[in-house]
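Colleague: Please read through the structure below; I'll follow up with questions.
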Amino acid sequence: MLKQIEGSRAVAEAVALCRPEVICAYPITPQTHIVEALSEMVKAGELANCEFINVESEFAALSVAIGASAAGARSYTATASQGILFMAEAVYNAAGLGLPIVMTIGNRAIGAPINIWNDQSDSMALRDAGWIQLYAETNQEAADLHIQAFRLAEELSCPVMVCMDGFILTHAYERVDIPTQAQVDAYLPNFEPVQVLDCADPVSIGAMVGPDAFFEVRYLQHHKQLRALELVPQLAEEFRRQFGRDSGGLVKRYRCDDAETIVVALGSLNGTIKDVVDEMRGQGYRIGSLAICSFRPFPLTEVRAALGHAKRVVVLEKCLAIGIGGIVSSGVRKALSGIVLKGYTVIAGLGGRAILRKSLRALFENAERDDLEQLTFLDLKWDIVNRELARMREQRRSGPIAENILRELGTVAARIG
Amino acid sequence: MLLQPIKFYQTGTFTIGNRLLAEGQRSVQANMRRTNSLNSGHRACQGCGEALGARYAIDAAMQASGNRVMAVNATGCLEVFSTPYPETSWQIPWMHSLFGNAAAVAAGVAAAMRVKGRRDVKVIAQGGDGGTMDIGFGCLSGMFERNDDVLYICYDNEAYMNTGVQRSSATPPLARTATTPAVGKQPGNVFGTGKNLPLIAMAHQIPYVATASVANLRDLETKVARAMGIGGARYIHIHVPCPLGWGSDPADTIKVARMAVESGLFPLFEAEHGEETGRYRLRRRVPVEEYLRLQKRFAHLFGFPPDARGIAAIQAIADRNIQRFGLLG
Amino acid sequence: MTMTKPFAITLDPGSSLANRTGTWRTQRPVYVDRLPPCNNACPAGEDIQGWLYQAESGDYEAAWRTLTLDNPLPAVMGRVCYRPCEDACNRSKLDAAVGINSVERFLGDEAIKHGWKFAAPGTESVKRVLVIGAGPSGLSAAYHLRRLGHRVRIAEAGPLAGGMMRFGIPQYRLPRDVLDAEVQRIVDLGVEIEFNRKVTNILDTMQQGKFDAAFLAVGAHIAKRAYIPAGAAARMLDALSVLRGMEGEEKPMLGRRVVVYGGGNTALDVARTAKRLGATEAIIVYRRTREKMAAHDFEVEEALQEGVMIKWLSTIKNMADEGTLTVEKMALDETGFPQPTGEFETLEADSLVLALGQDVDLSLLNGVPGLAIKDGTVQVGPNMMTGHAGIFAGGDMVPAERTVTVAVGHGKKAARHIDAWLRGGVHAPAPKHELAEFEKLNPWYYTDAPKTVRPVLDLARRTSTFEEVVQGLNETNALFEARRCLSCGNCFECDNCYGVCPDNAVIKLGPGKRFEFNYDYCKGCGLCVSECPCGAITMVPETI
């Protein structure tokens, strides 16, 4: 049913349709509206057979989900930024134990400095923990991906995080088609656990594994993700047949087939990119874009197939691997190994800095001319940077960088006296 | 306390069993068909108090619940010595997640049971003093505050034993640990630190809080049984000597635990919703010195000259406990 | 439904049993049976801990049968034994000794009440053994020999069986119906007693009766005398004849004021008897002090309660016709020996009874080669045999403490040696277990339970009748007393070891079957040893 609905609310309704049994969440911007909506549904009795637990930290939130999942209940939680780091130990634990928990990440920057706006550094920080990571481009896709996520997680016994850009998606009101319960039930059967706490058939879950077997356990996790490379497209295809639309899958190509320049990105940014691509195509540029939806497992084959014939690839990232540069571009580079083409990494939008169409237009035009550095920081204010660098050179005790800059911008008052 | 001492039967309720008592009056441990929830083959040290305490508590819980107990364990000695791949000593459904989240994971298991309509299945969370009072404190407090239907059992051996006897917030004053070594001007752990988690649990006003000791099995079993019959958040704090960490003879584990109780240093009491409801009155009070002398972690108090002030300060703690909890008379 | 478990992370229950932690040990616990101090102290060699164990569960007949394996006279013993067992009892270090004697009496009385009989002997032998004397030693020997299947005849010089039990211990300490019942039970087993048969020549009697061996237990029935000049009309008697006289139709006439000379139990018995016969004054004259008295202090106490008076540090010099005694005061010297002081006083008495000790009538041994006689008693070896092969002796006629219990013990021991000798062999007693001293116990586990005191007849009745002064316990009290036993050194299935093992390495075999160690998993920590209340477990080093 079509609804004009806030992204968070759409996700909440989609999750509710998946018949979760235990939901636990700790509030953190920008995920709050999701869990608020779910708590209301549970309290009002709309979402039946579901326990909503108000936990005292994100670490507790994922821990509750771990316990509930191990006991055979379909479990869900959501977090962002500081929260996913606070539960980092549990993120690895859930993957290591193979518990099919689904978690929404409302992508947000990580402090310090504390910042509530969107970038993708939070989910990127836990990219190697063993969770499947799916990035939603639109609110529709965000809603749909949760339904696919439960199915994927339970088939593989592997936890899945669905990433959606904070504020841009979570707080935007858009038209979303919310499926019916019958549709979801047809797609998502009851949870049948691979291992479960059961008094009638006791097992010990979470043994200590030494050098003699740890390696194998770890490999088997990797193997699950390799299987996911097949399963993700299958489930997306099934979804398309049952729900009548494309959502999910490993990658989505847009006007790539004859493109000389292809732009790669994750998440909502792809919307803006496609607008610019259309504009430039209208002016004769042979440009296309590739949205990577499944970042883990990383679809090396599909990325290579999509990009291999291009002259140049521009990877636009809302995250920064401090000290080296791009994160997504590392994966892309690996996918293209052996193929000679020009690859450009562009870091953009950190901490919620707006990514403007005109900035992208200029960027892509530069790319077309190969007038681009290997690593570019889009719309970075170099004057502020340089002034701060000068300040730091002048005296040892130059003070906190963030405050210095904010004072310059006039955001904080000058010192008294 | 509800436990009725039985007279005239040679050993009353002091021994584990007694051939002259009706089976129903003996302890769970005396039963030939006890569940042995923590079975042989585990890798605990000789004379480990925690292994004993865990079997006592879980067997009692199994008895009380008709063998429907699930346990969630924090990282620590109990978890490590009981489940080294490929062996597990647990006969019950059991899981281990992380060091600090046993209470939260157990809350999740309990929620799952509730959702599935399995109110007959009882959930127990277990952890050592480190995992409960320090790193697990946040999750524990959250579980208490929500009144989750979980019985949390803390096995207190007064230090981080599994990692090599480092100090925790349960380490008593003057005790030697690897991070409070017996050197320098103030050897051992300092005074004025430490937490009383049973009292903190009481401050949360949860339905049931109790302390227990491996030296008093009947009392421990009664308390576990009582806790199993109550819903909501419950907490039992069991004192378990660690021969390795405390430097005591493995054969003395129960004796040391007994001395801790009978000196007043480890008072046995119960509380419901924040109010004390019962206590164990000392049977044969001993001075703290008798307790301290059995353990090498206090050996530096008995040098030449002995640390009379230190010992007196510990005695003062015991005296205060006796006063505060009404352990005499 | 068995799930397919993830590799390594999830494990099946019971898989730890593959880890045999028994390999960690350097020492192992073993169950032992140690010798309880009561058993060790009992002159009759009773398995006190054993029959108390059975009594504790209300199995009185079984307890009585265990008891009577060693001692056929529990109802008597429960009244007259001086309880060295209770003196040795470890419980006295906790609160007070277990009332073993009281429980023994209770069991003996129960047996009489219910008419329990001894089981018939398992085998019958053709050997004939002659026992001289139907006192405690003779009766005990006859009983044990009969149980071993031999044919036994007792020759008793007197008209009734019992020896000193009948003719030395007053009725208020040992009612005669009790004695009769226990004697009859032995007779019912197949022992013949020939009364009024005094044997004057043992070798002849043995030959005539074709006896293969003999056990002599004639006792010490000759009163010792002291030189006390007395007038012709002075009434001076000896204690034994007074007490013997109590068994006849006509009781001895002692008069209103009776003086008894001596400091042993016999003296007390006579004085108390005199009181009961109506004497207004019964005075014991003793040359030393109360601490030096041979009599047991509790008997002195009972006597004093009944109004018997005692004149300490006094000796009797002579007795005039009218009954006036001249008494010399004594004083103890540095060695504790009484010395005359030269001070005299007089004491009026209607009769003077001498209780100065007893001698043995050894006349039946005349002409028997190989015997060694010393200090008026017959020497015997550790096998109770005299110097003459085939002739054994025990009780008051051999050097030993002179009590009924010792005598009964002699009878048992001699019977075993006689049995072995008759078969051409030697009886080697089994080596004793290690003693279960108090230090080996863990007394924490025993409930606080003060001793039950046996009810005592009130004073008024005591001094006017011969009713039993000390009465027995009723069943509740007897059971309580029995259950105060710590079971020193012998497992009483308290389940402590089964419960305190952190490794579940103790197997409970079931009621009555005790426990077994599972050495596959026992790590040798020693908790079981520490927490065994009765010290029935010990650690031994492992061998490589």
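The values are calculated or read from the model by the stated rules, or taken from the named source; none is laboratory data. Remember, it's a predicted structure, so these values are computed and weren't measured experimentally. Neighbour counts are summed over all protein chains in view; Cβ atoms, including those assigned to glycine, are modelled from backbone coordinates with ideal geometry. Ligands, DNA and RNA are stripped out before the accessible areas are found, and what is left, the full protein with its side chains, is counted by its heavy atoms. Shrake-Rupley method; radii C 1.70, N 1.55, O 1.52, S 1.80 Å.
Colleague: Quick query: amide H of residue B:213 versus all other amide H atoms, modeled in the peptide plane; which residues come in under 5 Å with a sequence gap of 5 or more or a different chain?
Modeller: B:220, B:239
Colleague: Follow-up question, since we're still on this one. Check the cysteines of chain C one by one and keep only those with no other cysteine Cβ under 4.7 Å from their own.
Modeller: C:42, C:81, C:89, C:485, C:488, C:491, C:494, C:501, C:522, C:525, C:532, C:534
Colleague: For a Förster distance of 25 Å, can you work out the FRET efficiency between the beta-carbons of residue A:88 and residue C:12, rounded to the nearest 0.05?
Modeller: E(calc), rounded to 0.05, equals 0.20.
Colleague: Now a separate question. B plus C alone minus the pair: what accessible area, both sides summed, probe 1.4 Å, in Å² to 100?
Modeller: 4500
Colleague: Once you average over the residues of C:445-453, how many Cβ atoms of partner chains fall within 10 Å of each Cβ?
Modeller: Average neighbour count from other chains, rounded to a whole number: 4.
Colleague: Averaged per residue, what accessible area in Å² does the protein assembly as shown show with a 1.4 Å probe, protein chains only?
Modeller: About 39 Å² of surface per residue is accessible.
Colleague: Each residue of the range B:209-226 in turn: what ³J(HN,Hα) in whole Hz from Karplus with 6.51, -1.76, 1.60 and θ = phi - 60°, glycine and Pro shown as x?
Modeller: Using θ = phi - 60°, the values come out as 9, 8, 10, 8, 9, 5, 7, 10, 4, 4, 4, 4, 5, 4, 5, 5, 4, 4 Hz.
Colleague: Rounded, prolate or oblate: which one fits the range A:213-344, using the alpha carbon gyration tensor with axes a ≥ b ≥ c (rounded when a/c is under 1.5, else prolate when a/b beats b/c, else oblate)?
Modeller: Details: a/c = 2.02, a/b = 1.31, b/c = 1.54.
Oblate shape, in that a/c is at least 1.5 and b/c is the bigger or equal ratio.
Colleague: If you don't mind, there's one more thing I want to ask. Nearest 5 is fine: what % of DSSP beta bridges in the range A:311-417 come out antiparallel, could you say?
Modeller: 10
Colleague: Out of residues 5 or more away from residue C:131 or on other chains, whose amide H comes under 5 Å of its own, with H placed 1.01 Å from N in the peptide plane?
Modeller: Long-range HN contacts for residue C:131: C:153, C:154, C:155, C:215.
Colleague: Still on this structure: Provide the net charge surrounding residue B:89, with neighbours chosen by a C-beta distance below 12 Å and charges set as Lys +1, Arg +1, Asp -1, Glu -1.
Modeller: Spelling it out: positives minus negatives among the neighbours equals -2.
Colleague: Follow-up. If you take every DSSP beta bridge fully contained in chain B, what fraction is antiparallel? Give it as a percent rounded to 5.
Modeller: Here the share of antiparallel DSSP bridges comes out near 25 percent.
Colleague: Taking K and R as +1 and D and E as -1, what net charge do the other residues with C-beta under 12 Å from the C-beta of residue B:180 add up to?
Modeller: Around residue B:180, the charge tally is +2.
Colleague: Here's another thing I want to ask about it. List, in order, the whole-Hz ³J(HN,Hα) value for each residue of the range A:274-284 obtained from phi through the Karplus relation with A = 6.51, B = -1.76, C = 1.60 and θ = phi - 60°; use x for Gly and Pro.
Modeller: Each residue's phi maps through the Karplus curve to give 5, 4, 5, 4, 4, 4, 6, 4, x, 9, x Hz.
Colleague: Please get the size of the charge dipole for chain C, origin at its Cα centre, with Cβ charges of +1 on Lys and Arg and -1 on Asp and Glu, quoted in debye to the nearest 20.
Modeller: The calculation lands at about 960 debye.
Colleague: Treat each spin label as a single point 7 Å out from the Cα along the C-beta direction, and report the residue A:227 to residue A:369 distance in nm.
Modeller: Placing both labels 7 Å along Cα→Cβ, they lie 5.2 nm apart.
Colleague: Can you give me the % of accessible surface on the range C:206-249 that is carbon or sulfur? Probe 1.4 Å, all protein chains present, nothing else counted. Could the numbers behind the result be given before it?
Modeller: Working: 1180 of 2270 Å².
Ligands and nucleic acids excluded, carbon and sulfur give 52 percent.
Colleague: Something else now. If you restrict to DSSP beta bridges whose two residues both lie in the range B:208-320, what percentage is antiparallel, to the nearest 5?
Modeller: Around 50 percent antiparallel, to the nearest 5.
Colleague: Residues of the range C:517-531 losing 40 Å² or more of accessible surface, assembly versus chain alone, probe 1.4 Å, please list them.
Modeller: C:523, C:525, C:527, C:531
Colleague: How big a patch of accessible area, both sides summed and in Å² to the nearest 100, lies buried between A and B at a 1.4 Å probe? Please report the intermediate quantities before stating the final value.
Modeller: Numbers: alone 19310 and 14790 Å², together 31270 Å².
Interface area, both chains combined: 2800 Å², rounded to the nearest 100.
Colleague: Once the Cβ-Cβ distance between residue B:302 and residue C:95 is put in as r, and R0 is 35 Å, what FRET efficiency do you end up with, to the nearest 0.05?
Modeller: 0.60
Colleague: Right, next: Any idea what angle helix C:265-276 forms with the longest principal axis of chain C, computed on alpha-carbon atoms, 0 to 90 degrees, nearest 10?
Modeller: Approximately 70 degrees, to the nearest ten.
Colleague: Counting other Cβ atoms within 10 Å, which GluC sites (Glu not before Pro) in the range C:198-290 have at most 14 and lie in a DSSP loop?
Modeller: Loop-located and lightly packed - C:249, C:250.
Colleague: So if I take the centroid of the Cα atoms in the range B:20-40 and the same for the range C:31-101, what is the distance between those two points in Å?
Modeller: When both Cα centres are located, 31 Å separates them.
Colleague: Now for a different question. Dipole of the protein assembly as shown (Lys/Arg Cβ +1, Asp/Glu Cβ -1, origin at the Cα centre): which of B:81, B:60, B:25 lies farthest to the positive side?
Modeller: B:81
Colleague: Amide H to amide H under 5 Å from residue B:180: which residues, 5+ apart in sequence or cross-chain, H placed 1.01 Å off N in plane?
Modeller: Here B:167 satisfy the definition.
Colleague: Continuing with this model, one more query. Mind checking which lysines have their Cα closer than 27 Å to the Cα of residue C:311? Skip sequence neighbours fewer than 8 apart in that chain.
Modeller: Those lysines meeting the cut-off are C:224, C:251, C:275, C:292, C:329.
Colleague: Sorted by average packing, counted as other Cβ atoms within 10 angstrom per residue and highest first, what order do C:113-120, A:116-123, A:362-369 take?
Modeller: Details: C:113-120: 11.9, A:116-123: 25.2, A:362-369: 17.9.
Output ranking for C:113-120, A:116-123, A:362-369: A:116-123, A:362-369, C:113-120.
Colleague: Taking 0.36 nm per residue of separation and subtracting the Cα-Cα distance, what length does fully extending residue C:453 through residue C:207 add?
Modeller: Roughly 83.3 nm would be gained on extension.
Colleague: Less than 18 Å apart at the alpha-carbon level, and either on another chain or at least 8 residues along: which lysines does that give for residue C:93?
Modeller: C:440, C:451
Colleague: Whenever you get a sec, compute what percent of the accessible area on chain B sits on carbon and sulfur atoms (1.4 Å probe).
Modeller: That share works out to 53 percent.
Colleague: Now, a different point. Quick one: if the Förster radius is 22 Å, what FRET efficiency do residue C:322 and residue C:241 give, using the C-beta to C-beta distance and rounding to 0.05? Before the final figure, lay out each step's value.
Modeller: Working: r = 22 Å, r/R0 = 1.02.
Rounded to the nearest 0.05, the efficiency is 0.45.
Colleague: Just to confirm the number: angle between the C-alpha axis of helix A:139-156 and the first principal axis of chain A, 0 to 90 degrees, nearest 10?
Modeller: With rounding to tens, the tilt is 50 degrees.
Colleague: Let me ask something additional. With a ≥ b ≥ c the root eigenvalues of the C-alpha gyration tensor of the range C:390-465, is it rounded (a/c under 1.5), prolate (a/b larger than b/c) or oblate?
Modeller: oblate
Colleague: Now, a different point. Using the basic label-point model (7 angstrom from Cα toward the beta carbon), what is the residue A:192 to residue A:407 distance in nanometres?
Modeller: Once both label points are built, they end up 6.6 nm from each other.
Colleague: Taking a ≥ b ≥ c as the square roots of the eigenvalues of the Cα gyration tensor of the range C:48-169, is the shape rounded (a/c under 1.5), prolate (a/b larger than b/c) or oblate?
Modeller: Prolate shape, in that a/c is at least 1.5 and a/b is the bigger ratio.
Colleague: When the Karplus curve 6.51 cos²θ - 1.76 cosθ + 1.60 is applied with θ = phi - 60°, which whole-Hz ³J(HN,Hα) does each residue of the range B:288-301 get, with x for Gly and Pro?
Modeller: Each residue's phi maps through the Karplus curve to give 4, 4, 4, 6, 5, 5, 6, 10, 5, 5, 10, 4, 5, 7 Hz.
Colleague: With each label point set 7 Å from Cα along the Cα-Cβ vector, what nm distance links residue C:339 and residue C:200?
Modeller: In this crude label model, residue C:339 to residue C:200 measures out at 4.9 nm.
Colleague: Counting protein heavy atoms only and a 1.4 angstrom probe, how many square angstrom of accessible surface do chains C and A bury in total, to the nearest 100? Intermediate values should be presented prior to the final figure.
Modeller: Values: alone 25060 and 19310 Å², together 43130 Å².
Using a 1.4 Å probe on protein heavy atoms, the buried area is about 1200 Å².
Colleague: Okay, next question. Quote to one decimal, in nm, the extra length available between residue C:292 and residue C:379 on full extension: 0.36 nm per residue of separation minus the C-alpha distance between them.
Modeller: 28.6 nm
Colleague: In debye to the nearest 20, how big a dipole does the protein assembly as shown give about its Cα centre with +1 on each Lys and Arg Cβ and -1 on each Asp and Glu Cβ?
Modeller: Computed about the Cα centre, the dipole is about 1060 debye.
Colleague: Checking buried surface per residue: for the range A:43-85, which residues lose a minimum of 30 Å² accessible area in the protein assembly relative to the chain alone (1.4 Å probe)?
Modeller: Buried by the other chains: A:51, A:53, A:56, A:59, A:63, A:64, A:67, A:71.
Colleague: Working from Cα positions, state the angle (0 to 90°, nearest 10) between the long axis of helix B:49-65 and the longest principal axis of chain B.
Modeller: Helix B:49-65 sits at roughly 30 degrees to that axis.
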